[in-house]
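The values are calculated or read from the model by the stated rules, or taken from the named source; none is laboratory data. Given the structure is predicted, the values throughout are model-derived calculations rather than measurements. FYI the Cβ positions are ideal-geometry reconstructions off the backbone, even for glycines, and counts take in every protein chain you see. For the accessible areas, the whole protein counts, side chains as well, though only heavy atoms, and no ligand, DNA or RNA atoms are used. Shrake-Rupley method; radii C 1.70, N 1.55, O 1.52, S 1.80 Å.
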Amino acid sequence: MKEQKTITLVAFGYIDRSFVENVALAVEIELNTEVTTMEGHLDLSNYYDVKRRQYNGDELLKFVDNSYNSYPGKTMGLFGVDLFIPILTHIFGQAYLNGNTGVVSHFRLNNEFYGLKANKQLLQERFIKVVIHELGHTYGLTHCHVPTCVMRSSTYVEDLDQKSSSFCDNCRESIN
Amino acid sequence: MSKKISILIVDDEKSVTDSLYNWFIEDGYYVKCAASAKEALTILESETYHIILADIKMPGMDGLEMHRRIKSLNQDSIVIMMTAFASVDTAVQALKDGAYDYITKPFDPDDLSHLIRNATSQINLKEENKTLKDKISSLENVEDLIGESEAMMQVLEQVQSVASSNSSVIISGESGTGKELVARAIHSNSPRKYFPLVSVHCGALPENLLESELFGHEKGAFTGAMFNRKGRFEMADGGTIFLDEIATISAKMQVELLRVLESGKFMRVGGNKEISSDFRVICATNKDLKKMVENGTFREDLYYRLNVVDIKVPPLRERKEDIPVLVDYFIEKYCKSMNREKVDIDKAAIKRLEEYDFPGNVRELENMIERALVIGNSKSIRLKDLPLESGEQATTPVESLNENEKKHIKNILDKYDWNISRAAKILQVDRATLYNKIKKYNLKTSGQENH
């Protein structure tokens, strides 16, 4: 039987190790649980859509779900490529509601993507919020209307910057 | 709003329905998917959805045809079309057919969120509107028509049965019986209730003014007609026109009125353009119109045109059992408007009211109760607070008007310990006027008189 509280962050492709460790620490504090990190190996070209020049988030989620099903608790695949799902232009991440897996990407969280000056600190903060948000979905949380809650829906980076990396009281209570 | 919004996604591509399903589930909506228009229509035969998000191009039946069929199912759903760039023209056609909006694949997540949020607001507004309309309907029922007597029940039954029709109604009854309330009750229970009820007191206006009042006038039609003015018939478009004291209108106006009733068309005074208006006519009279027809003072053709339904409002003396209910209603009404606790009425007072004949009908009773509340002791209405105490019917004072005024002012001053401000307020005059009256009638406090 899986221990629901354990979380594994699997980094695919090149993602700075200290960056991943910092994310893991923030998740550990926010969710008060043990978080382990590891590197994943995957030929991303199989998930590349030539027409859209993006990577298929639905297929990557299925891959993570199939590959890490035997892992305890929740598993989140971390990517650095531009993710899409067929119906949407892009996604920051997605997860199975009440499931065990999710995928997130920092590709569109980087200021440089929008022609702005790089800001590593801001990038890390945004990524932490997206990871915790998708983990929230795996714990069964839907989008929250509290402006500062990490479960508030964010379709732009500006939305991400408006909210905190913490759950509101209601959402936290639902997880516990 | 607490109600969970439901969304039906219709698309033949599984990847699309799966993606959208996950997206909406995360937003907390109730979501169901259908792989074809046919499947969607089968679902919609037994379930209702707030929002239907449908692909425009599907094998078998396309989104446009499905949208038409959804509308024929009388579904109140908001339909949003999903389209590829190539089918924008078709999406525009869908909008012309009444679809709420369309969105081009692939969607920007923010656009999708906005679209669904706006659709949700519209659904909430629609439901709020419906709730408010229901509330208004329940407010505008026949609650002002008070009475439990058989005669009054018959009136209420007639009101309910004629309300839904478009027929002309004549309400007859003595002055003060509540003919206008009956007219209001008919209007507010009719399909025309969201349009105006326009009242015209025919007896209050001379012929030329009544003509201008009913039909309106053009600028310069007569001296003083500075602007174009809409008439009451025009104002009542879609609603009801209530013609009170119809028996008082002149022979010329009777002809004019008949013409309007028959054609629904008229011209403003001084105008040359025919105006159409869709209104229902309710008339009221305290005269016997049939007798007037026999005497030749009221046109027979107009009488039969108006008298499709005749409602007779009984005088209060013929439904004395309603007096206690009416008294209770008026006490509550006036205590509320005076911001006071509801008071009782003594048994002797109610008995006296039941014995009285009320030539002025309900209006007279209402005035009596209002007066009793103003001059009474604010604990209960006593027999002496009613103008019937002596057993005479609304006695005419034998003293002069000045003598009466003097007595009334003295009473009020004594009652409020000669507090000039309070007494002036009760008498509804300013303090200076009260001082002048005190001086004029040489009024003194009881103590002063004793010395």
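General remarks:
- The stretch B:295-328, residues that are surrounded by 17 or more Cβ atoms within 10 Å (Cβ to Cβ), touching a residue at least 24 places away in the same chain (Cβ under 8 Å) and assigned to a helix (DSSP H, G or I): B:302, B:306, B:316, B:322, B:323, B:326, B:327
- Residue match in the stretch A:2-16 (condition: open to solvent by less than 60 Å² (accessible area, probe 1.4 Å) and closer than 25 Å to residue B:112 by Cβ): no
- Candidate set from the stretch A:79-89 (those that are surrounded by fewer than 24 Cβ atoms within 10 Å (Cβ to Cβ) and farther than 13 Å from residue B:22 by Cα); member that is farthest from the other protein chains (Cβ to nearest Cβ): A:80
- Which numbered condition residue A:23 fails, given (1) open to solvent by 20 Å² or more (accessible area, probe 1.4 Å); (2) closer than 24 Å to residue A:165 by Cα; (3) in a helix (DSSP H, G or I): (1)
- Single unsatisfied condition, residue B:19 versus (1) small (Gly, Ala, Ser); (2) under 27 Å from residue A:103 (Cα atoms); (3) more than 14 Å from chain A (Cβ to nearest Cβ): (3)
- Considering the conditions (1) without any contact (Cβ under 8 Å) to a residue 24 or more places away in the chain; (2) open to solvent by less than 20 Å² (accessible area, probe 1.4 Å), residue B:253 is excluded by exactly one of them, (1).
- Only residues that are buried (at least 19 other Cβ atoms within 10 Å of the Cβ) and either within 16 Å of residue A:48 (Cβ to Cβ) or at the interface with chain B (Cβ under 7 Å from one of its Cβ atoms) (or both) were counted in the stretch A:90-104, giving 3.
- From the options B:78, B:43, residue that is farther than 25 Å from residue B:108 by Cβ and of a type in the set (A, V, I, L, M): B:43
- Residue under evaluation residue A:117, criteria (1) part of a loop (DSSP other than H, G, I, E, B); (2) within 23 Å of residue B:111 (Cα to Cα), criterion not met: (2)
- Breaking point among (1) assigned to a strand (DSSP E or B); (2) within 11 Å of chain A (Cβ to nearest Cβ); (3) open to solvent by 40 Å² or more (accessible area, probe 1.4 Å), for residue B:102: (2)
- Taken over the stretch B:73-99, the criterion of being of a type outside the set (A, V, I, L, M, F, W, C) and without any contact (Cβ under 8 Å) to a residue 24 or more places away in the chain is satisfied by B:74, B:89, B:96.
- Residues located in the stretch B:255-289, provided they are over 27 Å from residue B:223 (Cβ atoms) and more than 26 Å from the chain's Cα centre (by Cα): B:258, B:262, B:263, B:287, B:288, B:289
- Residue list for the stretch A:121-170, filter: surrounded by fewer than 20 Cβ atoms within 10 Å (Cβ to Cβ), over 19 Å from residue B:110 (Cβ atoms) and within 12 Å of chain B (Cβ to nearest Cβ): A:140
- Output for the stretch B:19-45, where each listed residue is open to solvent by 60 Å² or more (accessible area, probe 1.4 Å) and under 21 Å from residue A:59 (Cβ atoms): B:21
- From B:14, B:32, B:38, residue being of a type outside the set (Val, Ile, Thr), over 20 Å from residue B:119 (Cα atoms), more than 9 Å from every other protein chain (Cβ to nearest Cβ) and touching a helix residue (DSSP H, G or I) at 6+ places or on another chain (Cβ under 9 Å): B:38
- Subset of the stretch B:71-88 that is away from chain A (no Cβ under 14 Å) and open to solvent by less than 80 Å² (accessible area, probe 1.4 Å) - its residue that is modelled with the lowest pLDDT: B:75
- Residues of the stretch B:2-18 satisfying the condition of being more than 24 Å from residue A:59 (Cα to Cα) and open to solvent by 20 Å² or more (accessible area, probe 1.4 Å): B:2, B:3, B:4
- In the stretch B:46-68, the qualifying residues are those that are among the small types (Gly, Ala, Ser) and open to solvent by 60 Å² or more (accessible area, probe 1.4 Å), and the one that is farthest from residue B:29 (Cα to Cα) is B:60.
- You will find that of B:373, B:353, the residue that is in a helix (DSSP H, G or I), without any contact (Cβ under 8 Å) to a residue 60 or more places away in the chain and touching a strand residue (DSSP E or B) at 6+ places or on another chain (Cβ under 8 Å) is B:373 and no other.
- Residues (assigned to a loop (DSSP other than H, G, I, E, B) and touching a Leu at 6+ places or on another chain (Cβ under 6 Å)) located in the stretch A:130-176: A:151, A:154
- Among residues of the stretch A:26-57 being touching a residue at least 12 places away in the same chain (Cβ under 8 Å), among the hydroxyl-bearing types (Ser, Thr, Tyr) and not in a strand (DSSP E or B), the one that is least open to solvent (accessible area, probe 1.4 Å) is A:33.
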